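*Asks:* If you scroll down you'll find the structure; I have some questions about it.
Readers should treat all values here as calculations from the given coordinates under stated rules, not as data from a laboratory. Small disclaimer: the values here were computed from a predicted structure and weren't measured. Cβ placement follows ideal geometry from the backbone for every residue including glycine, while neighbour counts extend to all protein chains displayed.
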Amino acid sequence: MSLVARHLEANGIPTVVFGAARDIVENCGVPRFAFVDYPLGNPCGRPFDPAEQHAVLAMGLELLETATEPRTTVAAPMVWSEDTRWKELIFTEDQPFLEGEAYDNWIARKQKTRVQNEGSSS
Amino acid sequence: MSHVRYIDRTREYYLGQGYEKPYEWATFDDVPFTSLTKPLAECRVGLVSTSDIAIRAADGGRDRRHEDRVGNVYSLPSDTDPALYFSRQEHYDQVATTLDDTDSYFPITRLHELVEQGRIGSLADRSHGVYTAYSHRKTTETDAPEVLARCRADGVDVAVLTPV
C-alpha cells in the first residue's frame with residue numbers, strides 16, 4: 001500500500017494513506033498518513049458508523065490540502081474501546097493471528113506464490 | 001495506551017511459530033511529495049485499496065467481469081451497487097472486529113456522498129485493487145506502475161489509499 005502511494009506521488013499524483021498500522025506505514029515512509037488507532041480492519045472508521053467514517057475521511061482530505069512536506073501524519077482522536085486488550089493480544093500466543101481454515105488458506109497461498117515465483121525465475 | 005508495534009510484534013510472533021527469517025518491511029530515507037495544485041472541490045479522486053475488495057456475483061461467488069486484472073492489479077466500476085461489495089481478506093483482527101461494513105476500509109459510499117456535498121469534484125469511474133505481494137520489487141516495478149497507468153487513464157487528480 002505504502003509503496004503504491006510513493007509511486008503515485010513520485011509521478012505527480014498527491015496521495016493520502018489511511019491506516020491502523022502506524023509503525024509499518026511510517027517505517028516505509030509515505031507523503032501523507034491518516035492514522036486511526038483501531039484494530040486492523042477498519043482504517044476508515046467504525047463499521048456501520050457513517051458519521052465517524054466521514055470524520056476520518058475529512059481528516060485525510062484536510063491533510064491533502066494542508067500538508068507541506070512528506071511524512072506528515074495526523075492521528076484521529078477516536079478510541080476503539082476503553083478496554084485495550086486487543087492491543088495486547090494481537091499477534092501473541094494467546095491470540096494466534098490466523099487459526100483453522102484461515103491459517104490453512106494462508107499457507108496454501110504462500111505455497112502457490114512460491115511455485116509461481118520459482119516457475120517465473122527459471 | 002500507545003499504538004501497536006506491529007513490526008516488533010510480528011517478528012516475535014513468527015519467530016515463535018518457527019520461522020527463522022523475519023519479514024523485511026520496506027523502509028526508505030527519502031519520501032516523494034507532490035502538492036495539490038487545485039481545490040479538492042475540482043479534483044477527481046481515485047480510490048486504491050489492498051483490502052481484497054470484490055463484487056459479489058449472483059451465484060454468491062466473485063464477479064470478475066470488469067476486473068481487467070493485470071499482475072496483482074484489478075479494477076471495479078465505481079457505480080457498483082454498494083451492497084454487492086465484499087472482502088474475504090483474512091489479515092485483520094478477527095477477534096476485535098469484522099469486515100462486514102466495507103465502507104470501514106473501502107469508503108466508496110462516503111466518497112460518493114462527498115461528491116454530492118461538493119467537497120470533492122468527482123470520483124473516478126473505477127476503483128483499483130492491489131493484492132499485496134511478498135516481494136517489494138514486484139510491487140514497486142510491476143504493480144505500482146500499473147496502478148499509476150490506470151489512475152492516469154481515469155484522469156485521477158488525487159488518490160486515497162486504504163488497506164484493511
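*Asks:* Hey, what do the phi angles of the range A:6-17 turn into as Karplus ³J(HN,Hα) couplings, whole Hz, using 6.51/-1.76/1.60 and θ = phi - 60°, x for Gly and Pro?
*Replies:* With the stated coefficients, the range A:6-17 comes to 4, 5, 4, 4, 5, 10, x, 10, x, 10, 9, 9 Hz.
*Asks:* If you take every DSSP beta bridge whose two residues both sit in chain B, what share of them, in percent to the nearest 5, is antiparallel?
*Replies:* Numbers: 10 of 19 bridges.
Here the antiparallel bridges make up roughly 55 percent for chain B.
*Asks:* Around B:R62, which amide H atoms from residues at least 5 apart in sequence, or from another chain, sit under 5 Å from its own amide H, with H modelled in the peptide plane?
*Replies:* Here B:A57 satisfy the definition.
*Asks:* If you place +1 on the Cβ of every Lys and Arg and -1 on the Cβ of every Asp and Glu, how big does the dipole about the Cα centre of the protein assembly as shown come out, in debye to the nearest 20? Working shown, then result.
*Replies:* Details: 30 positive and 45 negative charges, 154 e Å.
With only Lys, Arg, Asp and Glu charged at Cβ, the dipole is about 740 debye.
*Asks:* Run a plain Debye calculation on the range B:69-115 (Cα atoms as equal point scatterers, no solvent) and give log10 I(q)/I(0) at q = 0.18, 0.27 Å⁻¹, rounded to two decimals, same order as the q list.
*Replies:* -0.69, -1.11
*Asks:* While we're looking at this one, here's another question. In degrees, nearest 10, range 0 to 90: what is the angle between the Cα axis of helix B:144-153 and the longest Cα principal axis of chain B?
*Replies:* Once rounded, one gets 10 degrees.
*Asks:* Restricting to the protein assembly as shown, what percent of DSSP beta bridges are antiparallel, rounded to 5? Please list the in-between numbers first.
*Replies:* Values: 11 of 30 bridges.
Restricted to the protein assembly as shown, the bridges split so that about 35 percent are antiparallel.
*Asks:* Run the helix sum for the protein assembly as shown: -39,500 (n - 2.57) per DSSP H stretch of 4+ residues, divided by residue count, reported at 222 nm to the nearest 500 deg cm²/dmol.
*Replies:* -9500 deg cm²/dmol
*Asks:* Over the range A:14-75, what lengths in whole Å, largest first, do the semi-axes of the equivalent ellipsoid take, defined as the square roots of 5 times the eigenvalues of the alpha-carbon gyration tensor?
*Replies:* Values: eigenvalues 74, 42, 9 Å².
Three semi-axes, in Å: 19, 15, 7.
*Asks:* In terms of modelled amide H atoms, which long-range or inter-chain residues lie less than 5 Å from the amide H of A:D37?
*Replies:* Those lying under 5 Å, H to H, from A:D37 are A:A76.
*Asks:* Let me know the shape class of the range B:34-98, please: from the alpha-carbon gyration tensor, a ≥ b ≥ c as square roots of the eigenvalues, rounded when a/c is under 1.5, otherwise prolate if a/b is greater than b/c, or oblate. Let's see the in-between values first.
*Replies:* Details: a/c = 2.01, a/b = 1.46, b/c = 1.37.
Judged from the Cα gyration tensor, the range B:34-98 comes out prolate (a/c at least 1.5, a/b above b/c).
*Asks:* Rounded to a whole number, what is D in µm²/s for the range B:96-136 from Stokes-Einstein with the Kirkwood radius over alpha-carbon pairs (4 °C, 1.567 mPa s)?
*Replies:* 104 µm²/s
*Asks:* What are the principal axis extents of the Cα atoms in chain B, in Å, biggest first?
*Replies:* 50, 45, 38
*Asks:* Using Cα-Cα distances under 8 Å and only pairs 6 or more residues apart, what relative contact order does the range B:46-136 have, in percent?
*Replies:* Working: 116 pairs, mean separation 42.6, N = 91.
Reported relative contact order: 47 percent.
*Asks:* Quick query: amide H of B:R126 versus all other amide H atoms, modeled in the peptide plane; which residues come in under 5 Å with a sequence gap of 5 or more or a different chain?
*Replies:* Here the answer is B:S78, since their amide H atoms fall under 5 Å of that of B:R126.
*Asks:* How large is the Rg to Rh ratio of the range B:1-78 when both quantities use alpha carbon positions and Rh follows Kirkwood? Each step should come with its number before you reach the end.
*Replies:* Values: Rg = 19.5 Å, Rh = 17.7 Å.
Using Cα coordinates only, the ratio equals 1.10.
*Asks:* Related question: Once phi is turned into ³J(HN,Hα) by the Karplus curve 6.51 cos²θ - 1.76 cosθ + 1.60 with θ = phi - 60°, what whole-Hz value does each residue of the range A:26-31 show in order, with x for glycine and proline?
*Replies:* 6, 5, 6, x, 10, x
*Asks:* Compute the separation of the alpha-carbon centres of the range B:86-164 and the range A:1-78 and state it in Å as a whole number.
*Replies:* Each part's Cα centre sits 12 Å from the other's.
*Asks:* Regarding the protein assembly as shown, what is the average projected area of its C-alpha convex hull, in nm²? Before the final figure, lay out each step's value.
*Replies:* On the way: hull surface 61.1 nm².
That works out to 15.3 nm², a quarter of the Cα hull's surface.
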